[in-house]
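Before any comments, here is the structure.
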Amino acid sequence: MSDWPSTRARAVLAALLRLGWTAKRQTGSHKILSRPGWPDLVFAFRDPDEIGPRMLARIAKHSGLRPEDL
């Protein structure tokens, strides 16, 4: 069983913003997020999209997100 629950994209984006990520620019549903000391992160989900455990683990690997941050 994964540590990551399925979560709405809106909640994941809010958690990333709380961690210090900021929106650098946006084209359509693709948001480019930046944070000092990390490479830019492309967040390509619409607010109502459901993000599954495997994709959350991938996002976490590149952003420092943890299950308790959600």
Lone qualifier among 41, 16 - being closer than 19 Å to residue 3 by Cα and within 9 Å of the chain's Cα centre (by Cα): 16
From the list 25, 54, 35, which one is touching a Leu at 6+ places or on another chain (Cβ under 8 Å) and of a type outside the set (Val, Ile, Thr)? 35
In region 1-22, how many residues are of a type outside the set (Gly, Ala, Ser) and out of contact with any helix residue (DSSP H, G or I) (no Cβ under 8 Å at 6 or more places or on another chain)? 6
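Table: residues versus (1) open to solvent by less than 40 Å² (accessible area, probe 1.4 Å); (2) modelled with pLDDT of 95 or more; (3) farther than 16 Å from residue 64 by Cα.
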{"site": "5", "(1), (2), (3)": "no, no, yes"}
{"site": "8", "(1), (2), (3)": "no, yes, yes"}
{"site": "17", "(1), (2), (3)": "no, yes, no"}
{"site": "22", "(1), (2), (3)": "no, yes, no"}
{"site": "27", "(1), (2), (3)": "no, no, yes"}
{"site": "34", "(1), (2), (3)": "yes, yes, no"}
{"site": "47", "(1), (2), (3)": "no, no, yes"}
The listed residue being open to solvent by 60 Å² or more (accessible area, probe 1.4 Å), out of contact with any strand residue (DSSP E or B) (no Cβ under 6 Å at 6 or more places or on another chain) and free of Cβ contacts under 8 Å to residues at least 60 places away in the same chain, out of 39, 53: 39
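The values are calculated or read from the model by the stated rules, or taken from the named source; none is laboratory data. Source: prediction; values computed, not measured. Neighbour counts are summed over all protein chains in view; Cβ atoms, including those assigned to glycine, are modelled from backbone coordinates with ideal geometry. Quick note on the areas: whole protein, heavy atoms, side chains included, nothing else; ligands and nucleic acids left out. Shrake-Rupley method; radii C 1.70, N 1.55, O 1.52, S 1.80 Å.
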